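Peer 1: Please find one structure pasted underneath; my questions will follow.
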Amino acid sequence: MSLFAMGFLLVILQPSTGQFPKACANTQSLLRKECCPPWDGDGSPCGELSSRGSCQDILLSQAPLGPQFPFSGVDDREDWPSVFYNRTCKCEGNFMGFNCGECKFGFSGLNCTERRLRTRRNIFQLTTSEKDKFLAYLNLAKNTPSQDYVIATGTYTQMNNGSNPMFTSINVYDVFVWMHYYASRDTLLGGSNVWRDIDFAHEAPGFLPWHRVFLLMWEREIQKITGDENFTIPYWDWRDAEDCVVCTDEYMGGRHPTNPNLLSPASFFSSWQVICTRSEEYNSQQALCNATSEGPILRNPGNNDKSRTPRLPSSAEVEFCLSLTQYESGPMDKMANYSFRNTLEGFADPRTAISNISQSGLHNALHIYMNGSMSQVQGSANDPIFVLHHAFVDSIFERWLRRHRPVLEVYPAANAPIGHNRENYMVPFIPLYRNGEFFKPSRELGYDYEYLQEPALDSFQEFLIPYLEQARRIWAWLVGAAVIGGIVTAVLTGLILACRKKRRGTSSEIQPLLTESEDYNNISYQSNF
């Protein structure tokens, strides 16, 4: 069956997850600042009659923020989502969703009581039919209108503080492109002024938990619009790759035969239109991206600035990054040194962990290498390689969590850049998720990675790694202690032997040799300690 035919057969319009629930994108909800839609199962807000949840006030974190954003009350994303809503559904037990109509990640069943573990696989380990199905699912998401969610096309002020709602419908795939844009866009300060040093999804501790939630939500939407509950996002293991091996018509689209910046017409990705890529235009107009089509996907892998990113990341760089014991450090932004997060994100050198924003390593390296739509932060999710890439980045995060086993308190509670403290809600997700809620092993969230499902021996070795790392750091002290211990033991042994000789009162020359069996059997080994 052709990919086109498969995609056509899969067009079944079902609910999707995204940003603003349609049920709350109206004047009444905005003026009341309440988003507590009814659950279809019983018709009550948040499924309260079925004990699924209830409408409650939002509790915002009061922890202090870092100095990177010196304003207050100028950005709709501050204290998310309180500018738009201060009451939302609080779900009970394993229920989740903007109306408590879904199950938490990792649970399924009518009452969300069944544990479920899915496995994300290497895209090159998929069978041809599995790979074709994945590509068809992507195309389906790009052509299926989101039934439950809309995007904001104006700020709260431009909406006259809620009395003039400005929202528009959008397809499922582009909902996620818009979310990534909205979380990373600049702050509009009026006139032609903007503040660029702000990002609710990058350059700070929330980078990894935010993208973890993003992928989980994206994965669930594909499961829902296709009816394929077993679907998982594949990953591309780019370690030591010589070039973009997924950039073929068989996979994510090859190079155009006459224009190296475009995709091959043999790939249906060549017909995709991008959105939210003209950040400077939005800034000059003091406007938000309204999801208008802005042209085809651009991609020219490998023809990037080699002085910034000379090649794709290596296995050695990933291993060094995994050896870092601190999740976050210093200012907790792109200037952080010896930070696992900052090194994996790519603002610190993957060989030294020292911040170097003139270079792009690991995660950032792949974005720069793609040399096109992927290389501009706000619109990077337009290229479907984005999900393959971030699935692998998430797997590295998962390896670090398993190796170092951090407690929740390792994630910063205060003084991180705006939106990145442990108890801050992630922008722009509704339902609400806190950063700290996703700072835990993936198995607790219902998924695993194929290449991390190692035999018991390898798992034991992985368990030992943090202790071996500690031993490596203190080996000099251990050797010193052993040497000193040896000297002390030798001195004490000499003193003991001298004392024994003195007590016996007989020189060693006239002591009988213990050669007879009766003498040998009467020897006793005693210690003076």
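The values are calculated or read from the model by the stated rules, or taken from the named source; none is laboratory data. Just so it is clear, the structure is predicted and the values come from calculations on it, not from any experiment. All Cβ positions, even for glycine, are placed from backbone atoms using ideal geometry, and neighbour counts span all protein chains on display. Quick note on the areas: whole protein, heavy atoms, side chains included, nothing else; ligands and nucleic acids left out. Shrake-Rupley method; radii C 1.70, N 1.55, O 1.52, S 1.80 Å.
Peer 1: Between rounded, prolate and oblate, where does region 149-231 land on the alpha carbon gyration tensor, with a ≥ b ≥ c its root eigenvalues, rounded for a/c under 1.5, else prolate if a/b exceeds b/c?
Peer 2: oblate
Peer 1: Mark the label point 7 Å from the Cα of Arg443 along Cα→Cβ and return the residues of region 378-418 whose backbone N is within less than 19 Å of it.
Peer 2: 394-408
Peer 1: A further question on this structure: I need two numbers for region 119-452: Rg to one decimal and Dmax as a whole number, Cα atoms only, in Å.
Peer 2: 19.2, 56
Peer 1: Shifting gears a bit: What percent do you get for the relative contact order of region 119-452 when only Cα pairs under 8 Å and 6+ apart count?
Peer 2: Taking the mean separation of contacting Cα pairs over the length of region 119-452, I get 20 percent.
Peer 1: Hey, another quick one. When the Cα centres of region 391-430 and region 90-116 are compared, how far apart do they sit, in Å?
Peer 2: Here the answer is 22 Å between Cα centres.
Peer 1: Using alpha carbons only, how many angstrom separate the centre of region 270-292 from the centre of region 127-178?
Peer 2: 14 Å
Peer 1: Same structure again: Which whole-Hz ³J(HN,Hα) couplings does region 388-397 yield from phi under the Karplus relation 6.51 cos²θ - 1.76 cosθ + 1.60, θ = phi - 60°, glycine and proline marked x?
Peer 2: With coefficients 6.51, -1.76 and 1.60, one gets 5, 5, 6, 5, 6, 4, 4, 5, 5, 4 Hz.
Peer 1: Now for a separate question. What pairs in Lys133/Lys440; Lys133/Lys224; Lys306/Lys334 have C-alpha atoms more than 19 Å from each other?
Peer 2: Correct reply: Lys133/Lys440; Lys306/Lys334.
Peer 1: State in Å² the accessible area per residue of region 119-452; use a 1.4 Å probe, count heavy atoms of protein chains only, and round to the nearest integer. Don't skip to the end; give the middle numbers.
Peer 2: Details: 11020 Å² over 334 residues.
I get 33 Å² per residue for this part.
Peer 1: Measure off, as a whole percent, the carbon and sulfur share of the 1.4 Å-probe accessible area of region 253-362, all protein chains present.
Peer 2: On the way: 2430 of 4620 Å².
Whole-percent figure for carbon plus sulfur exposure: 53.
Peer 1: Starting from the Cα of Lys33, draw a straight line to each of the aspartates and glutamates and keep only those under 20 Å, dropping any in the same chain fewer than 8 residues away.
Peer 2: Here the aspartates and glutamates satisfying the reach criterion relative to Lys33 are Glu48, Asp57, Asp75, Asp76, Glu78, Asp79, Asp148.
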